[in-house]
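For reference, the structure discussed in these notes is given below.
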Amino acid sequence: MRLTPRLPVSAWPWITAGCAALAGLMQIWPAFHQLALYERSAILNGEWWRIGTGNFAHFSGSHLGWNLVVLIPTGLWLESLWPRLARSFLALSPWVVGLALLGFEPRLETYAGLSGVVIGLVTLLGLQLRRHSPQDRWWANALLLLVLIKLAAEGVKGGPLFARFTDHAIGVVFIAHLAGVLSALLFWMGENWTKRGKVEASSDEKSNADHTSG
């Protein structure tokens, strides 16, 4: 019988699970939800944490559910293969999205939802698979194509594709999704630039050692 190798504890998807649990807790605890919402006026009055925590609050069960349907499998996949990259992205991208809203959406008073972070996570997974996992090239292309289709469809429709809200005034904030995708590109480029630098440095050290020994 062939046994599947165990995933090292260091690669367990702690941050993915934590993000999902935090979002779920906010949904069932109204006081926590209200304290976490992105509210521009409150942020400008000193409640700076809302810049990041607003991503974990949601306006409805449907809103939360659709985000978790994508967050959990994508996060599990990325964090099990590239734990440091996934954890860095999940820890910092909510703040990138929030700061983008603060800087580029001055008329937006209230925001909630993980969709910007999630679409960035899908983008990051697609880019990593495409570069480092040739056997998963089809999956990588499919993920990146889905991101482009979603952005285009939301740009045309101007509303949510799947989530449902009791308040019909709630819509898609395109800049949040764009910020998520751009932050994924930056993280991916930073990760691969760092690795490339290490490889080049290692090659230089080996070359110098060969010359010395010769």
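The values are calculated or read from the model by the stated rules, or taken from the named source; none is laboratory data. Source: prediction; values computed, not measured. FYI the Cβ positions are ideal-geometry reconstructions off the backbone, even for glycines, and counts take in every protein chain you see.
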Return the pairs, sorted by first residue and then second, in which the second residue is among the basic types (Lys, Arg), the first residue lies in the stretch 38-59 and is farther than 13 Å from Cys19 by Cα, the beta carbons are less than 8 Å apart, and the residues are 6+ apart or on different chains.
Tyr38/Arg50; Glu39/Arg50; Ala42/Arg50; Ile43/Arg50
So, of the residues in the stretch 49-79 that are modelled with pLDDT of 95 or more and of a type in the set (S, T, N, Q), which turns out to be nearest to Phe187 (Cα to Cα)?
Thr74
When the stretch 104-119 is examined, which residues are found to be aromatic (Phe, Trp, Tyr) and closer than 20 Å to Gln34 by Cα?
Tyr111
Can we say Leu144 is over 16 Å from Ser88 (Cα atoms) and either of a type in the set (A, V, I, L, M, F, W, C) or assigned to a helix (DSSP H, G or I) (or both)?
yes
Which one of these does Ser41 not meet: (1) small (Gly, Ala, Ser); (2) under 19 Å from the mean Cα position of the chain (by Cα); (3) more than 20 Å from Val181 (Cα to Cα)?
(2)
The residue from Ser88, Ser80 that alone is surrounded by fewer than 16 Cβ atoms within 10 Å (Cβ to Cβ), touching a Pro at 6+ places or on another chain (Cβ under 8 Å) and more than 13 Å from Tyr38 (Cβ to Cβ) is Ser80
Looking at the stretch 39-50, can you tell me whether even one residue there is among the charged types (D, E, K, R) and closer than 24 Å to Thr123 by Cβ?
no
Top-ranked residue in the stretch 99-118 [being under 15 Å from Gly180 (Cβ atoms) and not in a helix (DSSP H, G or I); ranked as farthest from the chain's Cα centre (by Cα)]
Glu105
Got at least one residue in the stretch 199-213 being assigned to a helix (DSSP H, G or I), modelled with pLDDT of 70 or more, charged (D, E, K, R) and out of contact with any Ser or Thr (no Cβ under 7 Å at 6 or more places or on another chain)?
no
Specify the residue that is farthest from Arg130 (Cα to Cα); the eligible residues are those in the stretch 72-83 that are part of a helix (DSSP H, G or I) and of a type in the set (A, V, I, L, M, F, W, C).
Ile72
Could you check, for the stretch 99-106, whether at least one of its residues is out of contact with any Pro (no Cβ under 8 Å at 6 or more places or on another chain), modelled with pLDDT of 95 or more and buried (at least 19 other Cβ atoms within 10 Å of the Cβ)?
yes
Can you find a residue that is touching a residue at least 40 places away in the same chain (Cβ under 8 Å), within 22 Å of Trp14 (Cβ to Cβ) and touching a Ser or Thr at 6+ places or on another chain (Cβ under 7 Å) anywhere in the stretch 127-137?
no
